[in-house]
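Structure record follows, encoded as structure tokens.
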Amino acid sequence: MSDAFRDAPWPRIRELVVDVLTVAARTHTGYGLIEVDVTAPLARITELKSRVPGGVSFTAYLTYCLGRAVAAHPDVQACRSGGRRLAIYDDVDVNTLLERIKPDGTSVPVLHVVRDAGRKTFAEINAEMREAVRDDLHDHPAVRRRRQILRLPRRARRLVWWWLRRDPVRRKRQYGTVSLSNIGAALGARPSWGLAPSILPCSVIIGGIFERVGWHDGQARPRQVMSVTVVVDHDLIDGMPGARFAETFAGLLERGAGLDEVLHGRR
């Protein structure tokens, strides 16, 4: 038995994580755990990768489906506006974390917001996200804002978060209206769900993809099943509206909605 350990500096970026989780912890969160059959879209994406310059991003596909599902159920992205009003956005802005590689080879998660994701074609979202991972990290707006906020003491940062969240327009411009976290990209083939609070009224966490035998066309066949967590602010969203949104999202995913757009840009 050894008491040895390795001493390392506290990463300053973790201060922002602590700030966000502190704010999110005040939310009365509701969770829905679902399984989605993604056999058909995964096969189609594999087929398209060799035909589309730059490839096809699975995260872009998830973003497209989430944008369309929220557009069909806009109340899930409503937020408080003052004490007795709600702001229900017209556009769906999906935020997600993209991993970018620094010159030293380390990866850095950077927030990217796909604006108006409920109206963009899959081809447009795929091209945007492919381009986003190639941007210069040093001059990226999200990275610049992060550096500016980190220079502030914790109490001042909390005031900044309060100022951003109290106005629906500022909130949308900074965070988007809903969020997507694809942690399944780092997981093995096993059922796995993520449970995390959120500062937005609706978030989706993508877990592991695993094989399961299921009925398809009247026969028992192996299927690729994806674990999905739907996270909502229960102060704003009740169970039935949340379930209807989750069902729409799952349906879009399962039928491969929008994938052919990447070849010819058709809506």
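For the reader, a short list of remarks on this structure follows.
- Only helical runs count toward this figure. For the chain, summing -39,500 (n - 2.57) over DSSP H runs of n ≥ 4 and dividing by all residues gives -11500 deg cm²/dmol at 222 nm.
- Taking the charge dipole of the chain about its Cα centre, with +1 at Lys and Arg Cβ atoms and -1 at Asp and Glu Cβ atoms, the residue from VAL160, PRO197, SER181 reaching farthest to the positive side is VAL160.
- Only one residue of ILE237, PHE249, VAL56 has its Cα farthest out toward the positive end of the dipole of the stretch 13-260, where Lys and Arg carry +1 and Asp and Glu -1 on Cβ, and that residue is ILE237.
- FRET efficiency, 1/(1 + (r/R0)^6) with R0 45 Å, evaluated for THR121 and ARG151 via beta carbons: 0.70
- Cβ-based exposure ranking for LEU111, LEU259, LEU150, in which fewest neighbours within 10 Å come first: LEU150, LEU111, LEU259
- Panel order for ASP91, ASP217, ASP233, by other beta carbons found within 10 Å of each beta carbon, from fewest to most: ASP217, ASP91, ASP233.
- Net charge dipole, the stretch 13-260: roughly 1140 debye, given to the nearest 20, about the Cα centre with Cβ charges of +1 for Lys and Arg and -1 for Asp and Glu.
- Which of TYR61, TYR31 has the fewest Cβ neighbours within 10 Å, and the rest in rising order: TYR31, TYR61
- Span-like helix ranges in the chain, DSSP H, alpha carbon extent 20 angstrom or more, Kyte mean at least -0.5: 58-72, 239-254
- Diffusion coefficient, µm² s⁻¹, Stokes-Einstein with Kirkwood Rh over alpha-carbon pairs of the chain at 4 °C and 1.567 mPa s: 65 µm²/s
- Sparsely packed loop sites in the stretch 134-243 (the trypsin sites (Lys or Arg not before Pro) outside DSSP H, G, I, E and B with at most 15 other Cβ atoms within 10 Å) comprise ARG134, ARG151.
Computed from the coordinates by the stated procedures, all read-outs in this text should not be read as laboratory data. The structure presented is a predicted model; accordingly, all values stated were derived computationally and were not measured. Neighbour counts run over all protein chains shown; Cβ positions are idealised from the backbone, glycine included.
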